[in-house]
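K.L.:
Structure below; questions to follow.
Every number here is computed from the coordinates shown, using simple stated rules; none is lab data. This structure is a prediction, so every number in the text was calculated from the model and none was measured. So basically every Cβ, Gly included, is an ideal-geometry build from the backbone, and we count neighbours across all protein chains shown.
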Amino acid sequence: MMLKKITILGGSDKDGAAEKVRRLDIQAGQVLSVVGPTGSGKTQLIADVEQYAEEETLTGRSILVNGQPVDKDRHKSSLRYMVAQVSQNMHFVIDMSIEDFLLMHAQVRAIDDPAKTIKDVLSIANRLSGEPISLQMNLTRLSGGQSRALMVADVALISNSPVVLIDEIENAGINRLEALHILTGRGKIVLVVSHDPTLILMAGERVVMKNGGMHKVFKTAPEEKQILENLIEIDKEFVSLREKLRYGKSVGVAGSNKEGVALWPKF
Amino acid sequence: MRFVIVAGTPSSGKTSVMIHTISHLLNEGLSVAVCKIDCLETSDDVRYRRLGVAVAVGLADYICPDHFYVANLEEIERWAKEQKADLLVLETAGLCHRCAPAVHTCLSVCVIDNLIGIDTPRKVGPMLSTADVIVITKGDMVSQAEREVFRFKVSEVNPGARILDLNGLTGQGSLSLKNEILNSALPTEISGKELKYPMPAAICSYCAGETIVGKSYQMGNVKKVDFGRME
Ligand SMILES: Nc1nc2c(ncn2[C@@H]2O[C@H](COP(=O)(O)OP(=O)(O)O)[C@@H](O)[C@H]2O)c(=O)[nH]1
Ligand SMILES: [Mg+2]
């Protein structure tokens, strides 16, 4: 089954009142961000998509795939592989080397060229993580940032599901803009729960949650895209400052941007 | 009356899973009775009682828990019928991994969690391989990749079972388990039905309360390690 579109049909909010948004279509290749204060129902919306709600969950929403209700019995196994989730956890629990684990996962997902794929996963993970990762490292010893980077790279290349659900990636300590680019690059439908203005505006649309219900849908306006450009510049500046500080350079001092500045000049 | 047998590894989320599922069943207007079988003690009855359903507890104490379980099935069924239940949930705990509580014609559910390690499904044995439905919990604590690999390892042990992901904290996925239960066949009566996997013979002096180590204290059905075995 080729996935072209997912539709969320509105149910009711926490008080049982009908959700304001009655229908929300998300096309392949589109990013939808889900915003709202804590407790407003963001994670439940993601959960409804993940289990293809059929008016039976708390919210009473239904999910359509390519405009049709889902026949869960007939498509059970193909549906299971349609959604991959990058959740809030920051560590692996399986005690084995990255290489062995990725090979095992590639086997489960019947990947054609596992050796090449896991090299690609590793190189993406290294692009996302500040601290280098190698195939021989043990999964359980990875830092939060390294683990998150590897989880994103794995979802992008090995799980490779047409729908990706991301919960609060900004906490990850990885290059999150790059992470979103990598995930959206392949015509996937991406739902991002986020509090981060840059990530929110990177999505073509955002749904605002309130009291458990979908309250309003915004298309990212041209002026907002302009603001996004500025935010991305600020973000780059921020990352570059962070890296300089982490690697022992001074910042904001005349000449500090030049190569070969003596480290720790005061000592 | 439907009869659902729930087993699984320790602290895998059996009670949490069933509490969410039973609430859905109560919403459908079913009357539910729950019995918990354990070895020495349990506090699960307190949690089940909060649902307002009839609850009974059986503690095996000095008896082998597996034998205690099978020897009480008729009585538990009779008790549940007296409660006018449409559905009996029997949560078992403390069974050894050599045994499986599954009985032909009852729906047997095995709950196993993502944290126990990917080699464990193989070691859990008949409890997992005889289940009709396998519930995998604690997916919220691992990555997508780990969930997929773990599920694969579980399906290798029991390729015929329906496998459900269920979050015991939020109840996400419990509607599917509710549907599995509602769609399961209605068994007639437990009497005369057969265990899917026979229980081990255990008729030695230790079954009868012996505590001293040593050959002269051993009687009955005793099996010794074969040190000549080559790997
Ligand atoms: N994070 C998480 N914890 C869970 C989940 N399911 C159960 N638990 C927790 O695991 C512990 C054991 O659960 P319990 O239902 O008592 O397990 P039982 O001994 O198998 O009946 C409890 O602290 C539960 O809150 C789950 O899906 N995710
Ligand atoms: Mg329990």
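K.L.:
Excluding residue A:160 itself, calculate the net charge of residues whose Cβ lies under 9 Å from the Cβ of residue A:160, where each Lys or Arg counts +1 and each Asp or Glu counts -1.
P.N.:
+3
K.L.:
If you project the alpha carbons of the range A:75-134 onto their three principal axes, what span does each projection cover, largest first, in Å?
P.N.:
41, 29, 23
K.L.:
If you take each beta carbon of peptide B:114-122 and count the beta carbons of other chains within 10 angstrom, what is the mean?
P.N.:
2
K.L.:
Over the alpha carbons of chain B, what is the largest minus smallest coordinate on each principal axis, giving the biggest first in Å?
P.N.:
Principal-axis extents of the Cα atoms in chain B, largest first: 59, 47, 30 Å.
K.L.:
Using a 10 Å cut-off on Cβ to Cβ distances, tally the other chain neighbours for every residue of A:213-222 and report the average as a whole number.
P.N.:
On the way: counts 0, 0, 0, 0, 0, 0, 0, 0, 0, 0.
Across A:213-222, the average partner-chain Cβ count within 10 Å equals 0.
K.L.:
For the protein assembly as shown, with only Lys/Arg (+1) and Asp/Glu (-1) charged at the beta-carbon, what is the dipole magnitude about the Cα centre, in debye rounded to 20?
P.N.:
So the magnitude is around 680 debye.
K.L.:
Can you tell me the 0 to 90 degree angle between the C-alpha axis of helix B:73-82 and the longest principal axis of chain B, rounded to 10?
P.N.:
Rounded to the nearest ten degrees, it is 30.
K.L.:
Here is a further query. Rg and Dmax of the protein assembly as shown, Cα atoms, in Å?
P.N.:
26.9, 90
K.L.:
Give the average, rounded to an integer, of partner chain Cβ atoms located within 10 angstrom of each Cβ in A:154-165.
P.N.:
2
K.L.:
Rounded to whole Å and ordered largest first, report the semi-axes of the equivalent ellipsoid of chain A derived from its Cα gyration tensor (root of 5λ).
P.N.:
Those come to 36, 25, 15 Å.
K.L.:
Sticking with this one: Please name which of B:102, B:17, B:179 has its Cα lying farthest along the dipole of chain B towards the positive end, using unit charges on Cβ (Lys, Arg +1; Asp, Glu -1) and the Cα centre as origin.
P.N.:
Of the candidates, B:102 comes out farthest on the positive side.
K.L.:
Here's a follow-up. May I ask you to derive the relative contact order of the range A:60-152, considering only C-alpha pairs under 8 Å and at least 6 residues apart, and to give it as an integer percent? Walk me through the numbers before you get to the answer.
P.N.:
On the way: 78 pairs, mean separation 30.8, N = 93.
Relative CO of the range A:60-152 lands at 33 percent.
K.L.:
For the range A:1-147, restrict the atom set to alpha-carbon positions and state the Rg and Dmax in Å.
P.N.:
According to the Cα coordinates of the range A:1-147, Rg and Dmax are 18.9, 54 Å.
K.L.:
If you don't mind, there's one more thing I want to ask. Among A:239, B:222, A:2, which residue has its Cα furthest toward the positive end of the charge dipole of the protein assembly as shown, with +1 on Lys/Arg Cβ and -1 on Asp/Glu Cβ?
P.N.:
Of the listed residues, the answer is A:239.
K.L.:
Quick one: which of B:193/B:223; A:188/A:216; A:14/B:178; A:5/A:219; A:14/B:14 span more than 26 angstrom between C-alpha atoms?
P.N.:
On the way: B:193/B:223 29 Å; A:188/A:216 23 Å; A:14/B:178 23 Å; A:5/A:219 17 Å; A:14/B:14 28 Å.
In this structure, B:193/B:223; A:14/B:14 lie more than 26 Å apart at Cα.
K.L.:
Would you mind working out the magnitude of the charge dipole of chain B relative to its Cα centre, with +1 at each Lys and Arg C-beta and -1 at each Asp and Glu C-beta, to the nearest 20 Debye?
P.N.:
Roughly 220 debye for chain B.
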